[in-house]
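J.: I am attaching a structure below and will ask some questions about it afterwards.
We did not get these values from a lab; they are worked out from the coordinates using the rules stated. Predicted model only: the values in this text are computed from it and were never measured. When we count neighbours, we look across all protein chains shown, and the Cβ atoms used for this are built from the backbone with ideal geometry, even at glycine.
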Amino acid sequence: MSEQDKYAPPAVWTWDDESGGQFANINRPVSGKTHDKKLPKGEHPFQLYSLATPNGVKVTIMFEELLEKGIDNAEYDAYPIKIMEGEQFGSGFVDINPNSKIPALIDNSGEKPVRIFESGAILVHLAEKFGEFLPQKEGRAEVMSWLFWQMGSAPFLGGGFGHFYAYAPEKFEYPINRYTMEVKRQLDVLDKQLAKNNYIAGNEYSIADIAIWPWYGTLVLGHLYNAAEFLSVDSYKNVKRWAEQMASRPAVERGKMVNRTWGEPEEQLPERHDKTDFK
């Protein structure tokens, strides 16, 4: 890059809505609704509004794992929020999540409806409500630590590496190198942890696994950003072992289908209202 082509930040930043990139049409520097739209509502206590992105899949896997255990009170309705069409800025969705990000959940099982947004918060809410996948005493701190590890680490994988490697309108060496280095460091962290444990937080399956797999598990399995070869993921043997183990769970297989609106028809279940929807 020549001296004259180097970018110099302006004294005051202004928004250029023509900045390009795959998600330019839905990115903006302000929050709030752009239009009025009510959300649909089903018959179950739990109403999920989401999409089968990594963050959305966390919650549908959690629900399906609870149902796999025979917890019928975890039945839920799931409706897709088409983020590329800006449905996350509809008034009904913004009422549930003022941050306008999927997933968002309404829990109608108590005296008053409770809204929960942010995938980690939803996982903790459901784990505590049903007493599953989150130890109450010994091991709880370890699970919570790895859950929050995912919350802090995945933005470097998604908004960092994923954006500059897969979605940015132009490829630049510095950001790709910077975020590739960080993602490989994160994979190394996981690989060393999984060398000593069957699951992320120990030998028991937990919400830490449910939170981390849709990002890092699918990455090493070659289903995220088409970057498996670029990242040399085969070198992370313990992560791959765990990722394959996770992928074989029936609840994971079902959960990754819910609110999916792309791919092969047999991989999609845009709306979910009953366990028979998978047949």
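J.: Within the stretch 52-88, take every residue that is under 18 Å from K41 (Cα atoms) and hydrophobic (A, V, I, L, M, F, W, C) and give me the one that is surrounded by the fewest Cβ atoms within 10 Å (Cβ to Cβ).
T.: Only one residue tops the list, namely A74.
J.: When the stretch 234-256 is examined, which residues are found to be buried (at least 21 other Cβ atoms within 10 Å of the Cβ) and not aromatic (F, W, Y)?
T.: Passing the criteria: V239, A243, M246, V252, R254, G255, K256.
J.: Are any residues in the stretch 35-85 touching a strand residue (DSSP E or B) at 6+ places or on another chain (Cβ under 7 Å) and of a type in the set (S, T, Y), and if so, which ones?
T.: Y49, S50, T60, Y76, Y79
J.: Among the residues of the stretch 27-39, are any within 18 Å of K129 (Cβ to Cβ) and touching a residue at least 60 places away in the same chain (Cβ under 8 Å)?
T.: There is no residue in the stretch 27-39 that is within 18 Å of K129 (Cβ to Cβ) and touching a residue at least 60 places away in the same chain (Cβ under 8 Å).
J.: Here's a check for you: in the stretch 188-214, which residue that is hydrophobic (A, V, I, L, M, F, W, C) and surrounded by fewer than 22 Cβ atoms within 10 Å (Cβ to Cβ) is farthest from L126 (Cα to Cα)?
T.: Among them, the one singled out is A195.
J.: Restricting attention to the stretch 156-177, and to residues there that are without any contact (Cβ under 8 Å) to a residue 60 or more places away in the chain and surrounded by 15 or more Cβ atoms within 10 Å (Cβ to Cβ), which single residue is nearest to L66 (Cα to Cα)?
T.: F156
J.: For the stretch 47-62, does any single residue satisfy the condition of being in a loop (DSSP other than H, G, I, E, B) and either hydrophobic (A, V, I, L, M, F, W, C) or farther than 23 Å from V124 by Cβ (or both)?
T.: yes
J.: Output yes when any residue across the stretch 207-227 is more than 15 Å from the chain's Cα centre (by Cα), touching a residue at least 24 places away in the same chain (Cβ under 8 Å) and more than 26 Å from L134 (Cβ to Cβ), and no when none is.
T.: Yes, the stretch 207-227 contains a residue that is more than 15 Å from the chain's Cα centre (by Cα), touching a residue at least 24 places away in the same chain (Cβ under 8 Å) and more than 26 Å from L134 (Cβ to Cβ).
J.: In the set S31, S100, S91, which member is surrounded by 22 or more Cβ atoms within 10 Å (Cβ to Cβ), more than 19 Å from T276 (Cα to Cα) and hydroxyl-bearing (S, T, Y)?
T.: S100
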